[in-house]
Amino acid sequence: MTVSHLTPMFSIVLPVLICDDPPQFKNSSYHPQRWLNGTQANYTCDSGYKFAADSSHNLTCEVRGYDVQWSEETIKCVPGIKLLKCTMHVPYL
């Protein structure tokens with residue numbers, strides 16, 4: 001008798017690890033989605049704000065021990081420079 005294939009007696013089911021929603025930071029937002037392990041929450045600063053020099057732009061959903069948590073970077077949006085449109089009037093000579 002020959003066996004052409006083997007059928008496993010059991011299968012291993014791995015749990016899907018999902019983070020809770022990422023934290024909210026002042027003057028910023030992120031696009032909601034399903035937060036699986038390894039995905040990133042990409043933040044944007046609100047209108048009139050920009051990322052601070054020492055700020056991260058995203059957080060990562062990470063496995064820590066038996067749990068999933070967000071990475072510990074800080075998202076910091078600070079007032080941005082407002083560009084003013086200037087008009088120069090030159091008299092005709």
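Every read-out reported here was derived from the displayed coordinates using simple, explicitly stated rules and does not represent laboratory data. Treat the numbers as computed from the prediction; the structure is a model and nothing was measured. Heads up, the Cβs are rebuilt from the backbone with ideal geometry, glycines too, and the neighbour counts pull from every protein chain shown.
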Exercise. Counting only residues 5 or more places away or on other chains, whose amide H sits under 5 Å from the amide H of Ser28 once H atoms are built in the peptide plane?
Worked result: Asp46
Seminar exercise, completed: Counting only residues 5 or more apart in sequence or on a different chain, those whose built amide H sits under 5 Å from that of Lys50 are Val78, Gly80
Exercise. Roughly what would the spin-label model give for Tyr49 and Tyr66, points 7 Å off Cα along C-beta, in nm?
Worked result: 3.7 nm
Exercise. HN-Hα J couplings of the range 39-52 from phi, Karplus 6.51/-1.76/1.60, θ = phi - 60°, integer Hz, Gly and Pro as x?
Worked result: 7, 10, 9, 8, 8, 10, 7, 5, 4, x, 10, 9, 5, 5
Exercise. With each pseudo-label sitting 7 Å past Cα toward Cβ, what's the Ile18-His31 distance in nm, one decimal?
Worked result: 1.9 nm
Exercise. With each pseudo-label sitting 7 Å past Cα toward Cβ, what's the Asn42-Thr74 distance in nm, one decimal?
Worked result: 2.5 nm
